[in-house]
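The values are calculated or read from the model by the stated rules, or taken from the named source; none is laboratory data. Source: prediction; values computed, not measured. Using ideal geometry, Cβ is built from the backbone for each residue, glycine included, and neighbour counts are taken over all protein chains shown.
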Amino acid sequence: MGAAPAASTTQPNLHTQTSSGDTAHTPWGRLLLLSAAAFTAVTTELLPSGLLPQISRDLRVEETSVGILTGAYALVIVFTALPLSRVLGGRVPRKNLLIATMFTFAVSNVLLACSPTLELAMAARLLGGIAHGMLWVGIAPYAARIVPEASVGKAMAIVFAGNSVALTAGAPVGTLMGSIMSWRLSFLLLAGIGLAISAVCIWLLPAAHDKDTKTSPSIFKAFRLPGVVAVVTAWPLLVLGHFTLFTYVAPFLHATGLPEEFTGALLSLVGGASLVGIWIAGRTADSYPRRSLLWTVAGLVTAFGLLPVLGGIGVAGPLLVALWGAAFGALGIYNQAAILRAGGEHKDAANSLSVVTIQLGISIGSAFGSMAMTLLGPQQVPLAAAIPVAAALAIIFVSRRSGYPAGPRESRS
């Protein structure tokens, strides 16, 4: 098919910028390229955790010190996402921002691979964290602008499938490569992928800068929208619940009587099932967003509630873990589409708010899981995880008019 036509100055709807001018056409190549960018970002974030022993030996520091490379990375995202959105939103063309982001990932990974000391490795990771914040601030609003408005949910499913592929394949393969050859080689390979994506972005992605809008993105105006408040509250609660258990899934599985070697397989099951959830969400997020999300969150509460009882019994445990993974994979798609719709003309600012609150949910989830481990024991951690998820379910249920309205094929009664 031919290249996308340039945006007309008399036609402000950026959703018309799809391939060959056909608003009903899904630009698969462009969305898969964005998915590859998401894959690179998540693999970059997770890879140090799998290579802690190798990095610590090479840099001659304790593993706990190397663990800071992951924690500091997340903190940078929290503190830079909103300022970057305010400074860059509406000013820098989105295509240029994505290209610069992937190039920054590449530079960060090269610097990390060449770092002789922990201090230089930390500096490289801080640069990567800035790139990560830039990517999450821009990638979803950009994807929403290159597809028809009725296909936003499907676009989110395609783009964020890269996250699940990174969990199930990217980080494990990078860890294996680092174990067999060198951890530095793993990060150099990631840098090469980032550079390749940058080059293809120049050729394949259309411009999607809001030249026609007279409204600058405003965090404060976005936060005053009731739908935005609902989503940036419920979504982090769901993430908090997930990471409450995910962070301590190994001791939980051990407490249920499952052998330690099952941990890796069940974590892969979570990632694989999340791809199924993303596929389902991609088919329902535009037409049945409210009903699908309510059933998905209810399924997650059920899985967490039953895992302490059935987690170590036959096939029940793997089935509940698969339900957990599928539900969590779908939740991201439904909520990403919801925040973009709720944000309206301030969708970029609303998306930035969600990035920050999600990162806080991840951090608080780990701490909440630690507290549950101490007070309740490892086998009851899923029950603790169910509490914030149930709270999110209540918020979603009462937000039928703003944050989580019915879709075009759902009854609005």
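Evaluate segment 105-114: report whether one residue or more is farther than 23 Å from residue 204 by Cα, touching a residue at least 24 places away in the same chain (Cβ under 8 Å) and of a type in the set (Ser, Thr, Tyr).
For segment 105-114, residues farther than 23 Å from residue 204 by Cα, touching a residue at least 24 places away in the same chain (Cβ under 8 Å) and of a type in the set (Ser, Thr, Tyr): present.
Pick from 255, 265, 273: which is out of contact with any helix residue (DSSP H, G or I) (no Cβ under 7 Å at 6 or more places or on another chain) and among the small types (Gly, Ala, Ser)?
After ruling out the rest, the residue left standing is 265.
Name the one entry in 120, 112 that is out of contact with any His (no Cβ under 6 Å at 6 or more places or on another chain), surrounded by fewer than 21 Cβ atoms within 10 Å (Cβ to Cβ), part of a helix (DSSP H, G or I) and in the same structural domain as residue 83 (by TED's automatic domain parsing).
Result: 120 is the single residue among 120, 112 that is out of contact with any His (no Cβ under 6 Å at 6 or more places or on another chain), surrounded by fewer than 21 Cβ atoms within 10 Å (Cβ to Cβ), part of a helix (DSSP H, G or I) and in the same structural domain as residue 83 (by TED's automatic domain parsing).
Under 6 Å between Cβ atoms, which residue pairs at least 6 apart in sequence (or on different chains) link something in segment 204-231 that is on the phi > 0 side of the Ramachandran plot with a partner that is of a type in the set (Phe, Trp, Tyr) and at pLDDT 85 or above?
If the second residue must be of a type in the set (Phe, Trp, Tyr) and at pLDDT 85 or above, no pairs are left.
Counting just the residues of segment 387-406 that are small (Gly, Ala, Ser) and assigned to a helix (DSSP H, G or I), which one comes out nearest to residue 340 (Cα to Cα)?
Within segment 387-406, the match that is nearest to residue 340 (Cα to Cα) is 392.
Hey, residue 339 hits all of (1) more than 13 Å from residue 234 (Cα to Cα); (2) in contact (Cβ under 8 Å) with a residue 40 or more places away in the chain but one; which does it fall short on?
(1)
Among the residues of segment 302-321, is there at least one that is under 15 Å from residue 158 (Cα atoms) and in the same structural domain as residue 382 (by TED's automatic domain parsing)?
no
Restricting to segment 365-385, name every residue that is more than 14 Å from residue 256 (Cα to Cα) and either outside any helix (DSSP H, G or I) or small (Gly, Ala, Ser) (or both).
365, 366, 367, 369, 370, 372, 384, 385
Exactly one of these conditions fails for residue 296: (1) buried (at least 18 other Cβ atoms within 10 Å of the Cβ); (2) hydroxyl-bearing (Ser, Thr, Tyr); (3) not in a helix (DSSP H, G or I). Give me its number.
(3)
Considering only segment 247-297, state which residues are of a type in the set (A, V, I, L, M, F, W, C) and closer than 30 Å to residue 148 by Cβ.
273, 275, 276, 278, 279, 280, 281, 285, 293, 294, 295, 297
Going through segment 171-191 one residue at a time, which ones are at pLDDT 75 or above, in contact with a helix residue (DSSP H, G or I) (Cβ under 6 Å, 6 or more places away or on another chain) and either small (Gly, Ala, Ser) or within 12 Å of residue 114 (Cα to Cα) (or both)?
Once the filter is applied, which keeps residues that are at pLDDT 75 or above, in contact with a helix residue (DSSP H, G or I) (Cβ under 6 Å, 6 or more places away or on another chain) and either small (Gly, Ala, Ser) or within 12 Å of residue 114 (Cα to Cα) (or both), segment 171-191 yields 174, 178, 183, 184, 186, 187, 188, 191.
List pairs: first in segment 136-165 and under 15 Å from residue 36 (Cα atoms) and assigned to a helix (DSSP H, G or I), second basic (Lys, Arg) and at pLDDT below 85, Cβ under 7 Å, 6+ apart or cross-chain?
The qualifying pairs are 138/94; 142/94.
(1) part of a loop (DSSP other than H, G, I, E, B); (2) crowded, with 24+ Cβ neighbours inside 10 Å: which one isn't true of residue 258, the others all being true?
Unmet for residue 258, out of (1) part of a loop (DSSP other than H, G, I, E, B); (2) crowded, with 24+ Cβ neighbours inside 10 Å: (2).
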